[in-house]
Amino acid sequence: SPCQGGVERQRNGRVVHSLPHTFATQNPAPRQMEPVSKVKTMTIKLYEDNAYIKEFKATVLSCEECKNGFLLTLDKTAFFPEGGGQQADTGFINNSKVLDVQEKGGIITHKVDKAFTVGETVTGKIDWEVRFARMQGHTGEHLVSGIIHSMFGYDNLGFHMSDKTMTLDPSGVLTDAD
């Protein structure tokens, strides 16, 4: 069912909840930072429709102070969160550095170094060189995993990518002779 009077729709086979377009103007009085825990709307993941997106506009849903920064949720994002062995995207939201990106329950939270106002329209800019290098590494992991599976029948049980190394965890032992 729609969250807080929002709209429910399908996107790439997934149910997406979004707030009404009037959200930003429902309360014209100055707003305090909304706790992230009160955000109920799933974040629209712009990177699912366009992996090459470099810049986007979004609306701030919440901003909460945390250790060494602020936790920011937006109605939509192109920042890929950490997960599945892959590091989170980096970049900027307005002039605030994006330090980390996490997802929990369909809500993506950006750790940033400056506070934002709920309802504010912001511009996100992905660090494209880092994103593209990670995309290539991720694709390479799939290729290597596929080759290992087709040659030896081993599945990939997991992998981890950093900016300098990648590890694969096949379901069997590979030797130097392999």
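Sort through T123, T77 and tell me the only one that's of a type in the set (S, T, N, Q) and surrounded by 18 or more Cβ atoms within 10 Å (Cβ to Cβ).
Answer to the selection: T77.
Any residue in the range 146-157 that is touching a residue at least 24 places away in the same chain (Cβ under 8 Å) and closer than 18 Å to A177 by Cβ sitting within a Cβ distance under 8 Å of a residue that is hydrophobic (A, V, I, L, M, F, W, C) and open to solvent by less than 60 Å² (accessible area, probe 1.4 Å)? List the pairs, counting only those 6 or more apart or interchain.
As it stands, the answer is I148/L168, since those pairs meet every condition given.
Could you list, in sequence order, all residues of the range 48-87 that are closer than 18 Å to K104 by Cβ and among the basic types (K, R)?
Selection gives K67, K76.
If we keep just the residues of the range 48-67 that are over 14 Å from F132 (Cβ atoms) and free of Cβ contacts under 8 Å to residues at least 40 places away in the same chain, which is surrounded by the fewest Cβ atoms within 10 Å (Cβ to Cβ)?
Ranking the candidates gives K67 first.
Which members of the range 97-110 meet the condition of being of a type outside the set (A, V, I, L, M, F, W, C) and surrounded by 19 or more Cβ atoms within 10 Å (Cβ to Cβ)?
Scanning the range 97-110 gives T109, H110.
The values are calculated or read from the model by the stated rules, or taken from the named source; none is laboratory data. Just so it is clear, the structure is predicted and the values come from calculations on it, not from any experiment. Positions of Cβ are generated from backbone atoms using ideal geometry, with glycine treated the same way; all protein chains shown enter the neighbour counts. Heavy atoms of the whole protein, side chains included, go into the accessibility calculation; ligands, DNA and RNA do not. Shrake-Rupley method; radii C 1.70, N 1.55, O 1.52, S 1.80 Å.
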